[in-house]
Amino acid sequence: MNGTAQKPFMQEWNKFSDEAIEEMKTYSDQTHLHREWMCYVYESNGVYLLGEPSYGDESRIEIDPNKKTKEDGNKKGVSADQRKWTIHGHPLKDGKIYTGRQYFSSTDILNEFIRSRDNDEYVVQYVVYPHQQGDDIHNRCRVLIFPNRDTLISAMKDSHPNMTDEDIMNISEANGYNSNATDGSLKNEAGIDWFAFQESLGKMGYMGIIDIEGPTGGKQVEAADTMFEQGAEGNNSKSFVYLGLIGLGLIALVKSGLLSSDKLTIDGFGADFETPHHWNR
């Protein structure tokens, strides 16, 4: 295993079973046009498995965690004590890819940030999203790890040099959620740029991106794959035999002409996506 594969985000990614990765792609292919999806990640003998997907609209999903866990147990044979993390998919909006939707929004990560900071707890999240590569659209998965309190503070200071320990400890649900500013940008009362914070974690190896259906198999994309410059790709140590095949969902729509690849990617955030997800409640 090379040095890249040793990065924390790759260690987490490599725990997914081949079946789970195929399910990620399938769920995204089926819901990319208008609906978010989410499911729980379970661990069995060191391997990550996916529960059943739940669907919402472009920016909102509501579930009953207890009922969902019971459903997963009935259909997937997993138990509540095996539940580890949450994975969800960001869809296209009006047939377009908004670059901000390729990151975790404030509503995706604020509660987990607070939990990791206050409890010095290890937390992992995943988001699957469409990414344009030439005339094709690939599903990618962004892995984000909040390893412990000290690392979060270091990453927050790296991305916000003027922020003090006290400022970081005061980030809360009351001041950390983004909302629309008058200039169209996303801002919050705590003054946090959540996208820059994620990039700082990426430089430490705690955030990374996987192309789960590359032309020759799954590929790791460098964590410095920033908001508006998405190009650098590296090799993924894990071999995905079935990922050598071009996916039939998003890519087929482009090639059929039903979804145009011209001007598909929009540099922006889509602030209407900053709606609290109710699996966090």
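Just wondering, is there one or more residues in the stretch 49-60 that are at pLDDT 95 or above, touching a Lys or Arg at 6+ places or on another chain (Cβ under 6 Å) and under 23 Å from PHE9 (Cβ atoms)?
Yes - at least one qualifying residue is present in the stretch 49-60.
Which residue is surrounded by the most Cβ atoms within 10 Å (Cβ to Cβ), if the candidates are limited to the stretch 138-163 and must be among the basic types (Lys, Arg) and either within 15 Å of ASP108 (Cα to Cα) or without any contact (Cβ under 8 Å) to a residue 60 or more places away in the chain (or both)?
Only one residue fits best here, namely ARG142.
If you scan the stretch 145-181, which residues turn out to be closer than 11 Å to ARG117 by Cβ and of a type in the set (Val, Ile, Thr)?
Listed by number, the residues that qualify are THR151, ILE153, ILE168, ILE171.
For the stretch 138-172, which positions are of a type outside the set (Ser, Thr, Tyr), under 26 Å from LYS84 (Cα atoms) and assigned to a loop (DSSP other than H, G, I, E, B)?
PRO147, ASN148, ILE171
Residue by residue, here is whether (1) at pLDDT below 90; (2) crowded, with 18+ Cβ neighbours inside 10 Å; (3) β-branched (Val, Ile, Thr) holds:
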{"position": "HIS34", "(1), (2), (3)": "yes, no, no"}
{"position": "ASN66", "(1), (2), (3)": "no, no, no"}
{"position": "GLU71", "(1), (2), (3)": "no, no, no"}
{"position": "GLY89", "(1), (2), (3)": "yes, yes, no"}
{"position": "LEU92", "(1), (2), (3)": "yes, yes, no"}
{"position": "TYR98", "(1), (2), (3)": "yes, yes, no"}
{"position": "ARG101", "(1), (2), (3)": "yes, yes, no"}
{"position": "THR107", "(1), (2), (3)": "yes, yes, yes"}
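Before we move on, is ASP118 among the acidic types (Asp, Glu), crowded, with 21+ Cβ neighbours inside 10 Å, out of contact with any helix residue (DSSP H, G or I) (no Cβ under 6 Å at 6 or more places or on another chain) and at pLDDT 95 or above? If you could, list the steps in order and put the result at the bottom.
Details: among the acidic types (Asp, Glu): yes; crowded, with 21+ Cβ neighbours inside 10 Å: no; out of contact with any helix residue (DSSP H, G or I) (no Cβ under 6 Å at 6 or more places or on another chain): yes; at pLDDT 95 or above: yes.
So ASP118 fails the test.
Just for the stretch 105-137: of the residues that are in a helix (DSSP H, G or I) and of a type in the set (A, V, I, L, M, F, W, C), which one is nearest to the chain's Cα centre (by Cα)?
The qualifying residue nearest to the chain's Cα centre (by Cα) is ILE109.
Does any residue in the stretch 164-180 that is surrounded by 12 or more Cβ atoms within 10 Å (Cβ to Cβ) come within less than 6 Å, Cβ to Cβ, of a residue that is at pLDDT below 95 and part of a strand (DSSP E or B) six or more places away or on a different chain, and which pairs are these?
Final answer for the pair search is ASN178/LEU186.
The values are calculated or read from the model by the stated rules, or taken from the named source; none is laboratory data. Given the structure is predicted, the values throughout are model-derived calculations rather than measurements. Note that each Cβ is placed from the backbone with ideal geometry, even for glycine, and that neighbours are counted across all protein chains shown.
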